[in-house]
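> What follows is a single structure, and I will ask about it in a moment.
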Amino acid sequence: MGSAAPAFRPGAVRIAAPLLGGGLVGIASAYVLAAATGTRLPVGELWTWVPAAVLAGVVVPVLSPQYRVELGADFLVLHGGRRRDIAWRDVIGLEVRKTVGVRTVVVHVSDGRRTPLRAPMSFPDRRFDDKTRLLVDWWTARPGGPDRV
């Protein structure tokens, strides 16, 4: 096989958005809590916290482990903090699950485990459906795919 196996990676926006949003919500919450308790926070502190939240939103995606899902001939390979191989013959189902408006793929394995994949993910990927279709097609083409008895 001359071509590389298909792989899915979460984009930088997918990693940064929750972090940046959480940082900004945290800053806003601190100001609301301070106002509710009658404490005054200097506006100058806001200009210290906002750049820190933005910097974290930019730096963390660059420094985070290179997570990816690779479609191999015999295995679904999950790369991240550590490598995990799931044999295609052990996969009994692929489910698209929607949580808080974001769709992800969950792999059901014959031993009862369910493994949610961090990629592909519908937020903010407009090609999520195409990638999910490729994942399902790849699985169904493997020996022992979903048509096994």
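The values are calculated or read from the model by the stated rules, or taken from the named source; none is laboratory data. Just so it is clear, the model here is predicted, and its values are computed rather than measured. Reconstructed Cβ throughout: ideal geometry from the backbone, glycine too, with neighbour counts over all protein chains shown. Calculation scope for accessible area: heavy atoms of the full protein, side chains included, ligands and nucleic acids excluded. Shrake-Rupley method; radii C 1.70, N 1.55, O 1.52, S 1.80 Å.
> Does segment 71-111 classify as rounded, prolate or oblate by the C-alpha gyration tensor (a ≥ b ≥ c root eigenvalues; a/c under 1.5 gives rounded; else a/b over b/c gives prolate, otherwise oblate)?
Taking the square roots of the gyration eigenvalues as a ≥ b ≥ c, segment 71-111 is oblate.
> While we're looking at this one, here's another question. Can you give the extra length, in nm with one decimal, that the chain gains between ALA35 and VAL102 once fully stretched, where that is 0.36 nm per residue apart less the Cα-Cα distance?
20.8 nm
> Let me ask something else about it. Report, by chain and number, residues whose modeled amide H sits under 5 Å from the one on PHE123, excluding near sequence neighbours (fewer than 5 apart, same chain).
ARG103
> Could you give the nm distance between label points at ASP74 and ARG126, where each point is 7 Å from its Cα heading toward the beta carbon?
4.0 nm
> In what sequence, largest accessible area first, do PHE128, PHE123 appear using a 1.4 Å probe?
PHE123, PHE128
> If R0 is 25 Å, what FRET efficiency do you get for ASP85 and ARG133 from their C-beta distance, rounded to 0.05?
0.65
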